[in-house]
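*Asks:* Before we start, here is the structure in question, set down as structure tokens.
The values are calculated or read from the model by the stated rules, or taken from the named source; none is laboratory data. Everything numeric here is computed off the predicted structure, so don't read it as measured data. Don't worry about glycine lacking a Cβ; one is built from the backbone with ideal geometry, like all the others, and counts go over all protein chains shown. All accessible areas refer to the heavy atoms of the entire protein, side chains included, with ligands and DNA or RNA removed. Shrake-Rupley method; radii C 1.70, N 1.55, O 1.52, S 1.80 Å.
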Number of protein chains: 2
Amino acid sequence: MSAAQVWSVDPRTGKQREQVASEATAQDVDRAVRAAHGVRAALADRAVRSAFLRTAADRLEAAKDRLVEAADAETALGVPRLTGELARSCYQLRAFADIVDEGAFLDVIINHPDDSATPPIPDLRRYKVPLGVVAVYAASNFPFAFSVPGGDTASALAAGCPVVVKAHPDHPATSELAAAALREAAAEHGIPEEVVGLVHGFDAGVELVRHPLITAAGFTGSVRGGRALFDAAAARPVPIPFHGELGSLNPVVVTADAAAERADEIGTGLAGSMTLGTGQFCVKPGLVLAPAGPAGDQMVKSLADAVARVPEGVLLDGRMRDNFVAGVSERAALPDVEAPVTPGAAGEHEVAAGFLTVPAARLAEEGPHDLLLEECFGPVTVVARYETDEEVTRVLSRLPGNLTATLHVSSEEAAGEGSGAALLAEVTPLAGRVVVNGWPTGVAVAYAQQHGGPYPATTSTSTSVGGTAVERWMRPVAYQSTPHSLLPPELRDDNPLNLPRRVDGRLEV
Amino acid sequence: MSAAQVWSVDPRTGKQREQVASEATAQDVDRAVRAAHGVRAALADRAVRSAFLRTAADRLEAAKDRLVEAADAETALGVPRLTGELARSCYQLRAFADIVDEGAFLDVIINHPDDSATPPIPDLRRYKVPLGVVAVYAASNFPFAFSVPGGDTASALAAGCPVVVKAHPDHPATSELAAAALREAAAEHGIPEEVVGLVHGFDAGVELVRHPLITAAGFTGSVRGGRALFDAAAARPVPIPFHGELGSLNPVVVTADAAAERADEIGTGLAGSMTLGTGQFCVKPGLVLAPAGPAGDQMVKSLADAVARVPEGVLLDGRMRDNFVAGVSERAALPDVEAPVTPGAAGEHEVAAGFLTVPAARLAEEGPHDLLLEECFGPVTVVARYETDEEVTRVLSRLPGNLTATLHVSSEEAAGEGSGAALLAEVTPLAGRVVVNGWPTGVAVAYAQQHGGPYPATTSTSTSVGGTAVERWMRPVAYQSTPHSLLPPELRDDNPLNLPRRVDGRLEV
């Protein structure tokens, strides 16, 4: 029996473009993982790693036209957005190179012997070492930034871990091109190409997370797929960390004073955020708590005007379109739900953006309207109109974990008057990132970024974007009473690599 | 039906001492967790937290006589050891108080807006917040340091998390006394006593890890019990981090040159380490790779002489004694296994220390001797005699993960000649702490400590001892574009709390 074929498909037409590869068999997966494991020593030198990451960015930029063309043909995300996404991915690779060079992520901690401690402290020196081969599960909606050359790959390589990427079926050709660019960059620095493996196919993804030489996994995708892989990772004879980003509603709270102050601005801004990338962002605002009354009405009117002007768009694949059309129609059919602008199918392959409204009281108790508290992927949001602040609190208390929570407050509330601080404290337990008077779409690549939140937003407390994402792929090791001549240079007293560290309790920069 | 009674038992006689409590029902567990959850805000202030931790140490010291007497009666660990363990626990509470005061564990990271980044960076400020109520599973073998007032409790409270401790059945009376001391300390600082919950009973432990308001768990115990709870934590509708320390063989490698240089010293030192606390340490050296030939023979002879002089001891409970007696006898019956000093039963309640020898070649391939690669709790170790360095490599490659790995090298090897550095690199993947020319027993409370290693040593990459243990109970939150008047003081530009932090990429101390 021959392996199933992997086709690149154009979502604008539903037609197959080309056969890219075959689905990886269990043997193929085993071969890729063993090969990656076999070359891990080639990443041991930090200077080589950072140079490799920078060259990877250069190579991706050099292949920009081919990459963006393939990605646009496979995802319909459009050339401008994909050009930006590739630029972001290259920036991210270089940012991790800087982090590798700085070395703070090694978390060097030294204790010299101290007989006054209880019990006495021997010579102890701790830093972090790479875990080993990392499995990366690419996302549908970011063919670069959360796929083959994305944050999981970049941070794992930065940590010193080879990767085997499971390509997303929505962009297999882009995945192959990106992997080729990364491998060329590796070869330029004497790193064997097996340091970046690539496999296709659903079964291959399951094999991958179960492979004994896989030491950790990064995932961006759906709750259903992510939870299945999380469960498989936890059920292994040797369980491994599974850093999965699964799903998020990304609630927004608009205070009455904020609506009174700038109803049009908030309505228009919301329209832009919820339809960005045809609503296919994991941080799309999916539930908006807006006040009942004239100011809230005006906000909804501005939202309606702006959404009605949004052109029809093409989703990433036909299955997503089917799910979107069915999802919005099921939601719109609930009692007391209205659709000022109706989302749904448009033409043979397109969808139209829209939004639903519902009285917030309907969401305050368990019932059929709980469907509105589940993420619906695509250009739709739910505006829940509240009568009282208590209703807001009740609805917020019923939400699952989120990547983001957003507050729109008035200028007086922003200045500390009224309930702004209390509201900030109220939404903090719900999310990994709290946005005030802005929109959650757009996830900056920065040291202070947190792209991860309470389950199901993520399956761990870590972030998949930003400087600390590298921590996911390392574990600490302490050396006790170890002669200096045997110690790795990172842990020597004279600090030959000039690393930030903590010595006898004191931080040294 | 009345709940099962919880008895304190004297392992020196096997007799019940007193009824301490009743096993917690599901309702009891729910009540304890909800109560702890309800008072979490009382831990929000860091100054209150550190003062509480210091007072907890004071209160435990004030109750020292009663605590040590109860613990000795329940565990037979002896007054000197328990006095030291209590002192260690108090030192640990104060060390975490210092960490709370310093505030580096909040991991404050600030990015000011930067339009030159791709994409542009908005104002982003990230720090870590407490997860919520933590479940702590007490260990049998450390009634203070890894139980109610131990490292999991201390680090969780330091993080700002209330705890509900599941007492170990080997020391319920000690657990109640210690919990009372912690609660008195809490009350002294206006913190409701529910901040430290305590439940007894096997079923209560399972209920606890499944409770929806439990946000994370710490565990020290067996592979079997720990894995069952880990699986339950992973199978929850909302999975939680489970930081479990499950089991460890703690291999020791003695090089030929080390044996030639100081056979007697190594043999005697090993005897002390493997019989410390009647062999009931999670870091007990359970497998020793020693060279064949005269120097190795002399090491084994010194070990035999020293172990033969070790007095009989009492294990923590009758079941452990039964397991030890059965375990050593099953191991000793394997082909080519000898017992220069026979471990096993002695008297009605005691056990005798001993050790086994085996040719290392027997451990180099899968077979019945794999039993020798499993931890055997109690005063026994296995000395595997190797002919070649390749045999050492083969045996090491077959070991599961460990808390520690220990090397004994010669003074020339320590100075960098020969294979010392290569051996250090070879054992690093096996363990969380590598000890050179010392013994793994004795786990210092220090910032650089790593008490945790590859599975089954621990179920996560974290440590349960040392300064970084507090990280287990926190998650990062980032605030985007948030007005200064709404920000928590930890994240303000003027740094009113004088915290170490990273600002625009640069570390500031």
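*Asks:* Find all pairs meeting these conditions: Cβ atoms under 6 angstrom apart; at least six residues apart or on different chains; first residue within region A:304-324 and crowded, with 19+ Cβ neighbours inside 10 Å; second residue among the acidic types (Asp, Glu).
*Replies:* From residues that are crowded, with 19+ Cβ neighbours inside 10 Å, the pairs are A:Val314/A:Glu350; A:Leu316/A:Asp170; A:Asp317/A:Asp170.
*Asks:* Identify, by number, the condition in (1) β-branched (Val, Ile, Thr); (2) within 8 Å of another protein chain (Cβ to nearest Cβ); (3) not in a helix (DSSP H, G or I) that B:Val465 doesn't meet.
*Replies:* In the conditions (1) β-branched (Val, Ile, Thr); (2) within 8 Å of another protein chain (Cβ to nearest Cβ); (3) not in a helix (DSSP H, G or I), B:Val465 misses (2) alone.
*Asks:* If only one of B:Glu23, B:Glu18 is in contact with a His (Cβ under 9 Å, 6 or more places away or on another chain), of a type outside the set (Gly, Ala, Ser) and touching a residue at least 24 places away in the same chain (Cβ under 8 Å), which one is it?
*Replies:* Step by step, each of B:Glu23, B:Glu18 is checked, and only B:Glu23 is in contact with a His (Cβ under 9 Å, 6 or more places away or on another chain), of a type outside the set (Gly, Ala, Ser) and touching a residue at least 24 places away in the same chain (Cβ under 8 Å).
*Asks:* With the requirement that a residue be assigned to a loop (DSSP other than H, G, I, E, B) and aliphatic (A, V, I, L, M), what does region A:23-56 give you?
*Replies:* A:Ala24, A:Val39, A:Ala44
*Asks:* Are any of the residues in region A:379-386 free of Cβ contacts under 8 Å to residues at least 12 places away in the same chain and under 21 Å from A:Ala295 (Cβ atoms)?
*Replies:* No; the residues of region A:379-386 include none that is free of Cβ contacts under 8 Å to residues at least 12 places away in the same chain and under 21 Å from A:Ala295 (Cβ atoms).
*Asks:* If the requirement is being surrounded by fewer than 20 Cβ atoms within 10 Å (Cβ to Cβ), in contact (Cβ under 8 Å) with a residue 24 or more places away in the chain and either within 14 Å of chain B (Cβ to nearest Cβ) or β-branched (Val, Ile, Thr) (or both), which of these qualifies: A:Ser397, A:Ser411?
*Replies:* A:Ser411
*Asks:* Exactly one condition in (1) in contact with a Pro (Cβ under 6 Å, 6 or more places away or on another chain); (2) closer than 23 Å to B:Ala3 by Cα; (3) open to solvent by 10 Å² or more (accessible area, probe 1.4 Å) is not met by B:His171; state its number.
*Replies:* Tallying (1) in contact with a Pro (Cβ under 6 Å, 6 or more places away or on another chain); (2) closer than 23 Å to B:Ala3 by Cα; (3) open to solvent by 10 Å² or more (accessible area, probe 1.4 Å), B:His171 fails exactly one: (3).
*Asks:* Can we say B:Glu390 is buried (at least 22 other Cβ atoms within 10 Å of the Cβ), part of a helix (DSSP H, G or I) and assigned by TED's automatic domain parsing to the domain that holds B:Ser273?
*Replies:* No: the conditions fail for B:Glu390.
*Asks:* Would you mind telling me which numbered condition in (1) of a type outside the set (S, T, N, Q); (2) on the phi > 0 side of the Ramachandran plot; (3) within 14 Å of chain B (Cβ to nearest Cβ) A:Gly378 fails?
*Replies:* The one condition A:Gly378 does not meet is (3).
*Asks:* Run A:Ala87 past the list (1) within 7 Å of another protein chain (Cβ to nearest Cβ); (2) not in a helix (DSSP H, G or I) and report the number of the one that doesn't hold.
*Replies:* Answer for A:Ala87: the failing condition is (2).
*Asks:* Next question. Filtering region B:469-487 down to residues that are open to solvent by less than 20 Å² (accessible area, probe 1.4 Å) and more than 7 Å from every other protein chain (Cβ to nearest Cβ), which residue is farthest from the chain's Cα centre (by Cα)?
*Replies:* If we take residues in region B:469-487 being open to solvent by less than 20 Å² (accessible area, probe 1.4 Å) and more than 7 Å from every other protein chain (Cβ to nearest Cβ), then B:Leu487 is farthest from the chain's Cα centre (by Cα).
*Asks:* What about A:Ala422, is it open to solvent by 30 Å² or more (accessible area, probe 1.4 Å), free of Cβ contacts under 8 Å to residues at least 60 places away in the same chain and more than 7 Å from every other protein chain (Cβ to nearest Cβ)?
*Replies:* When the stated conditions are applied, A:Ala422 passes them.
*Asks:* Looking at region B:432-443, which of its residues are surrounded by fewer than 24 Cβ atoms within 10 Å (Cβ to Cβ) and at the interface with chain A (Cβ under 7 Å from one of its Cβ atoms)?
*Replies:* If the condition is that a residue be surrounded by fewer than 24 Cβ atoms within 10 Å (Cβ to Cβ) and at the interface with chain A (Cβ under 7 Å from one of its Cβ atoms), then B:Val436, B:Asn437, B:Gly438, B:Gly442 are the ones that fit.
*Asks:* Quick check on this structure: which one of B:Thr404, B:Thr459, B:Thr428 is within 23 Å of A:Val503 (Cα to Cα), among the β-branched types (Val, Ile, Thr) and facing chain A (nearest Cβ under 8 Å)?
*Replies:* Residue meeting the stated conditions: B:Thr428.
*Asks:* Still on this model: Within region B:358-386, can you find the residues that are within 21 Å of B:Asp297 (Cβ to Cβ) and open to solvent by 20 Å² or more (accessible area, probe 1.4 Å)?
*Replies:* Those that are within 21 Å of B:Asp297 (Cβ to Cβ) and open to solvent by 20 Å² or more (accessible area, probe 1.4 Å): B:Pro359, B:Ala361, B:Arg362, B:Arg385.
*Asks:* Taking B:Pro429, is it over 30 Å from A:Ala234 (Cα atoms) and either in the same structural domain as B:Thr255 (by TED's automatic domain parsing) or open to solvent by 20 Å² or more (accessible area, probe 1.4 Å) (or both)?
*Replies:* No: the conditions fail for B:Pro429.
*Asks:* Oh, and also: Got a number for residues in region A:108-131 being in contact with a helix residue (DSSP H, G or I) (Cβ under 9 Å, 6 or more places away or on another chain) and either open to solvent by less than 10 Å² (accessible area, probe 1.4 Å) or within 8 Å of chain B (Cβ to nearest Cβ) (or both)?
*Replies:* Counting residues in region A:108-131 that are in contact with a helix residue (DSSP H, G or I) (Cβ under 9 Å, 6 or more places away or on another chain) and either open to solvent by less than 10 Å² (accessible area, probe 1.4 Å) or within 8 Å of chain B (Cβ to nearest Cβ) (or both) gives 10.
*Asks:* Continuing with the same structure: Could you pull out the residue among B:Glu23, B:Glu74 that is open to solvent by less than 60 Å² (accessible area, probe 1.4 Å) and touching a helix residue (DSSP H, G or I) at 6+ places or on another chain (Cβ under 8 Å)? Even if it seems obvious, please write down each step before you answer.
*Replies:* Values: B:Glu23 fails: open to solvent by less than 60 Å² (accessible area, probe 1.4 Å).
Within the list B:Glu23, B:Glu74, the selection yields B:Glu74.
*Asks:* Do we find that B:Arg59 is buried (at least 21 other Cβ atoms within 10 Å of the Cβ), in a helix (DSSP H, G or I) and in contact (Cβ under 8 Å) with a residue 60 or more places away in the chain in this structure?
*Replies:* Yes; evaluated as a whole, the condition is true for this residue.
*Asks:* With assigned to a helix (DSSP H, G or I) and in the same structural domain as B:Ala295 (by TED's automatic domain parsing) as the only criterion, which of B:Leu407, B:Leu396 stands out?
*Replies:* After ruling out the rest, the residue left standing is B:Leu396.
*Asks:* Please state which one of A:Ala63, A:Ala76, A:Ala44 is more than 14 Å from chain B (Cβ to nearest Cβ), within 24 Å of A:Val195 (Cα to Cα) and either at pLDDT 95 or above or out of contact with any strand residue (DSSP E or B) (no Cβ under 9 Å at 6 or more places or on another chain) (or both).
*Replies:* Step by step, each of A:Ala63, A:Ala76, A:Ala44 is checked, and only A:Ala63 is more than 14 Å from chain B (Cβ to nearest Cβ), within 24 Å of A:Val195 (Cα to Cα) and either at pLDDT 95 or above or out of contact with any strand residue (DSSP E or B) (no Cβ under 9 Å at 6 or more places or on another chain) (or both).
*Asks:* Something else now. Quick one: how many residues across region A:493-509 are more than 7 Å from every other protein chain (Cβ to nearest Cβ) and either among the aliphatic types (A, V, I, L, M) or in contact with a His (Cβ under 6 Å, 6 or more places away or on another chain) (or both)? It would help to see each step written out before you state the result.
*Replies:* First pass over region A:493-509, keeping only residues more than 7 Å from every other protein chain (Cβ to nearest Cβ): A:493-499, A:501, A:503-504, A:506, A:508.
From what is left, the residues that are either among the aliphatic types (A, V, I, L, M) or in contact with a His (Cβ under 6 Å, 6 or more places away or on another chain) (or both) are A:497, A:499, A:503-504.
Total satisfying the criteria: 4.
*Asks:* When you go through (1) closer than 23 Å to B:Pro285 by Cα; (2) open to solvent by 20 Å² or more (accessible area, probe 1.4 Å); (3) free of Cβ contacts under 8 Å to residues at least 60 places away in the same chain one by one for B:Thr463, which number turns out not to apply?
*Replies:* Tallying (1) closer than 23 Å to B:Pro285 by Cα; (2) open to solvent by 20 Å² or more (accessible area, probe 1.4 Å); (3) free of Cβ contacts under 8 Å to residues at least 60 places away in the same chain, B:Thr463 fails exactly one: (2).
*Asks:* Of all residues being closer than 23 Å to A:Val503 by Cβ and loosely packed, with under 14 Cβ neighbours inside 10 Å in region B:491-509, which is farthest from the chain's Cα centre (by Cα)? Just the residue, please.
*Replies:* Among them, the one singled out is B:Arg506.
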